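Accompanying notes for the structure given below.
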Amino acid sequence: MILHRMSAVVAGVVLLGGAMAGCGNGNQVSGGTDDGKITLGFSQVGAESGWRTANTKSIQDSAAAAGVDLKFADAQQKQENQIKAIRSYIAQKVDVIAFSPVVETGWDAVLQEAKAANIPVILTDRAVDSQDKTLYKTFIGSDFVVEGQKAGDWLVKEYEGKSGPVNIVQLEGTTGSAPANDRKSGFEEKIKADPKFKIIASQTGKFTRADGKEVMEAFLKANPKIDVLYAHNDDMGLGAIEAIEAAGKKPGTDIKIITVDAVKDGMQALADGKINYIVECSPLLGPQLMDLVKKVKAGEQVEPRILTEETTFTREQAKEALPTRKY
Ligand code: GYE
């Protein structure tokens, strides 16, 4: 996956030279308005997590601030709904299409339709596995492999000099999604060097609190000794904390917990000592997305891969960051 990403960047740079954006049809769309506004069709994954809620708000607020006419559709975590939304944006002749692909595979046909209609596409947050890099102008979001690696690095350090086995359970994100695939591979890559780390169970919790809780209940029933939980997002970790407490165990102490995102609720649990470490993933992609929308509409060249800047949080750092945390 890392190699795949790198070749994507190289290919994108080469191809961008001749790539021109949009077709100047902004005035004919959006319910017949003729106000010269850029129309953006955005297909969102869903409303599965605190991260997603913050991401949606960021996109809506920054569209309003940038004077972009936003057509927004929530796909409820279903690829077929996203494909329908994208087709409808093509039919409406929006100026730019952006979307956060729920899974990595299966986008080529609809992306080719957008290209044939001369509508530039921007990927936000999650990647697609399309080989043809001319199908989208750029991809803005985090490096999920690096996030998984950061989680693994913390664990390796935490258990340095201690004997094993260290029994780990993993709550994976939405099956087939880029963050689930990459957070898993990045983490596993870091811990595999030491055989004391054992992933004894790994299952999807669909990035939701409810599923995180349910799957953790099953993990707890099946496994008498769990030392560590690695959850691919805060929400699943928070659901799991409920299951751990209900089982009479102390989250953060009896079972160490690592999560990804750093939304407020997660940060609060970290400050309270129920989560031990959080890898940040920023949902605030809206302002940069609107800049890119304007650029591709104007036919300007954009970087093919735009990485979000992120950090990590320990308990002390969470306590410090919480009062000013925006999401
Ligand atoms: O980590 C999770 C959300 O794609 C980065 O999706 C996003 C992930 C995020 O549901 O909470």
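The values are calculated or read from the model by the stated rules, or taken from the named source; none is laboratory data. On a predicted model such as this, the values are computed, not experimentally measured, just so you know. Note that we place each Cβ from the backbone using ideal geometry, even for glycine, and neighbour counts take in every protein chain shown.
Figures for the structure shown
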| read-out | value |
| --- | --- |
| Residue count, the range 51-70 (criterion: more than 15 Å from THR124 (Cβ to Cβ) and touching a strand residue (DSSP E or B) at 6+ places or on another chain (Cβ under 7 Å)) | 1 |
| Only listed residue being in contact (Cβ under 8 Å) with a residue 24 or more places away in the chain, within 30 Å of LYS37 (Cα to Cα) and either more than 16 Å from the ligand (Cβ to nearest atom) or assigned to a loop (DSSP other than H, G, I, E, B) (or both), chosen from GLU310, GLU303, GLU217 | GLU303 |
| Condition met for ALA47 (part of a loop (DSSP other than H, G, I, E, B) and within 26 Å of GLY266 (Cα to Cα)) | yes |
| Odd one out for VAL263, checked against (1) under 21 Å from ASP143 (Cβ atoms); (2) more than 11 Å from the ligand (Cβ to nearest atom); (3) crowded, with 18+ Cβ neighbours inside 10 Å | (2) |
| Qualifying residues in the range 192-218 (those that are of a type in the set (A, V, I, L, M, F, W, C) and surrounded by fewer than 24 Cβ atoms within 10 Å (Cβ to Cβ)) - the one modelled with the lowest pLDDT | ALA193 |
| Selection count, the range 132-154, where residues are among the polar types (S, T, N, Q) and within 15 Å of the chain's Cα centre (by Cα) | 1 |
| Test: residue in the range 82-95 that is in contact with a helix residue (DSSP H, G or I) (Cβ under 7 Å, 6 or more places away or on another chain), within 16 Å of LYS295 (Cα to Cα) and modelled with pLDDT under 95 | no |
| Close pairs (6 angstrom Cβ cut-off, 6 or more residues apart or separate chains): of a type in the set (S, T, N, Q) in the range 114-136, surrounded by fewer than 17 Cβ atoms within 10 Å (Cβ to Cβ) and not in a helix (DSSP H, G or I) anywhere | ASN118/CYS23 |
| Condition met for VAL94 (more than 16 Å from the ligand (Cβ to nearest atom) and in a strand (DSSP E or B)) | no |
| Residue count for the range 190-212, restricted to those that are among the hydroxyl-bearing types (Ser, Thr, Tyr) and within 16 Å of the ligand (Cβ to nearest atom) | 2 |
| Close pairs from the range 165-192: first on the phi > 0 side of the Ramachandran plot, partner within 16 Å of the ligand (Cβ to nearest atom) and not in a strand (DSSP E or B), Cβ under 6 Å, at least 6 apart | GLY176/VAL103 |
| Residues that are buried (at least 24 other Cβ atoms within 10 Å of the Cβ), farther than 17 Å from ALA54 by Cα and not aliphatic (A, V, I, L, M), drawn from the range 266-285 | TYR277 |
| Near pairs, Cβ below 7 angstrom, 6+ apart or cross-chain, from the range 264-284 (farther than 16 Å from HIS232 by Cβ) to any residue that is in a helix (DSSP H, G or I) and of a type in the set (Ser, Thr, Tyr) | LEU284/SER58 |
| Within the range 58-78, tally of residues that are assigned to a helix (DSSP H, G or I), over 18 Å from SER142 (Cβ atoms) and within 14 Å of the ligand (Cβ to nearest atom) | 0 |
